[in-house]
Protein chains: 2
Amino acid sequence: MQARSEETRGRILQSAMTLFGRQGYDATGVAGICEAAAVSKGAFYHHFASKQAVFLNLLEEWLQSVEVDLAGALAEAPNVVDGLLGMAARTRGIFTAADGRLSIFLEFWAQARKDPEVWRRVIEPFRRYRELFAAVIQRGVAEGTFRPVDPATAAQALVSLAVGVIMQGVFDPRGAEWDRVTQEAVGLFIEGIGKR
Amino acid sequence: MQARSEETRGRILQSAMTLFGRQGYDATGVAGICEAAAVSKGAFYHHFASKQAVFLNLLEEWLQSVEVDLAGALAEAPNVVDGLLGMAARTRGIFTAADGRLSIFLEFWAQARKDPEVWRRVIEPFRRYRELFAAVIQRGVAEGTFRPVDPATAAQALVSLAVGVIMQGVFDPRGAEWDRVTQEAVGLFIEGIGKR
């Protein structure tokens, strides 16, 4: 029974992500999610208190998977330069994910403007990413790999670069090879703060 | 009569910008815009064919003012480094504009997903900005101010940086002094591609 319950929960999340991405959060209702997932309303409310709860769950899962991925790239790397380049390379997964994750990225931001709870959860990881990058850059400066740049500024620049590339990738998917752009732009930046 | 007509048109645009920014495009109707602007529906339709026409007009005006501002900063500068730093400094105006322009920035992007005409007009200037930056960087490389970086990659990084900072500024206005962040991050990037 446990396995079946998990499978139902997963199907609700998957259907909700597809619908939010395709038609937006506001235009999607619990009834539509139930229909797409082929579950009853009773089953839906057994797993989630509301449409918002499904949405926050998707957001949380997405942010966590990105964070685990980035931390993994850093942990595997022999030095800070390779660590940061490795993190940039991991963004490939974000752009190639075919499950519609990228198309609901904007929906998260749009809802954040209207819903303080979503806002809090969208904003918080950006602050964490900035701290994570700042710590890495600080290490690079201490090791003498990087010039004595301000770690907070450099981290903010890196996070902004990433956000900017993702936003453009969402809107203009065919405008560039976005995963290559990310790697090259981050590479150029890292080279720029490196000692020569 | 001409002056009064212009004044009416301006009031419609101003009211629409406030409402789109505060409650979103979808939740705003022509009736609401007319009420806020204290104009009749007849006057509204004399100036604009639809709500979408008002929206596209606001988008176009905003993008043009940004572009004129950036081009001006570049033209005034004695060299490419100062030109790029001057462009970054001009973004201050974007963040300090009190008229709600920033708060409808996201609304433009959200509508772009649903409306191909909005999409075309939102995407097109990004491509122009990339070309503008690439030309400047190319000049810097030719002059020997910059290292022999790939102008297209560097331009893409700069545009992404700007988009990322603006997006974060929209969402987390108190999370940082965003105009200072822009200048410092761009400064760091320019320094990074500069010859030492």
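What follows is calculated from the coordinates using simple rules that are stated; it is not laboratory data. Keep in mind that what you see is a predicted model, and the values were worked out from it rather than measured. Please note: Cβ atoms are built from the backbone with ideal geometry, for glycine as well, and neighbour counts cover all protein chains shown.
Things to note:
- Among the residues of A:147-159, the average count of other protein chain beta-carbon atoms within 10 Å of the residue beta-carbon is 5.
- Rounded to two decimals, the Cα radius of gyration of the range B:120-196 over 2.2 N^0.38 Å is 1.20.
- Of the DSSP H helices in chain A, those whose Cα atoms cover at least 24 Å axially and whose Kyte score averages 0.5 or more: A:80-96, A:151-171
- log₁₀ of I(q)/I(0) at q = 0.07, 0.09, 0.13 Å⁻¹ - the protein assembly as shown, Debye sum with one point per alpha carbon: -0.36, -0.59, -1.13
- Aspartates and glutamates whose Cα lies under 17 Å from that of A:Lys51, excluding same-chain neighbours fewer than 8 positions away: A:Asp26, A:Glu35, A:Glu60, A:Glu61, A:Glu107, A:Asp115, A:Glu117
- Think of the axis that spins chain A onto B; the A residue whose C-beta lies nearest it, and the distance in whole Å, is A:Gly192, 1.
- Relative to the compact-globule estimate of 2.2 N^0.38 Å, the Cα radius of gyration of the range B:5-76 comes out at 1.24.
- Taking 0.36 nm per residue of sequence separation and removing the Cα-Cα distance, the A:Lys41/A:Ser65 pair yields an extension gain of 5.8 nm.
- For chain B, size of Cβ-based charge dipole, Lys and Arg +1, Asp and Glu -1, in debye: 220 debye
- Largest first, the extents of the alpha carbon coordinates of chain B on the three principal axes equal 62, 37, 29 Å.
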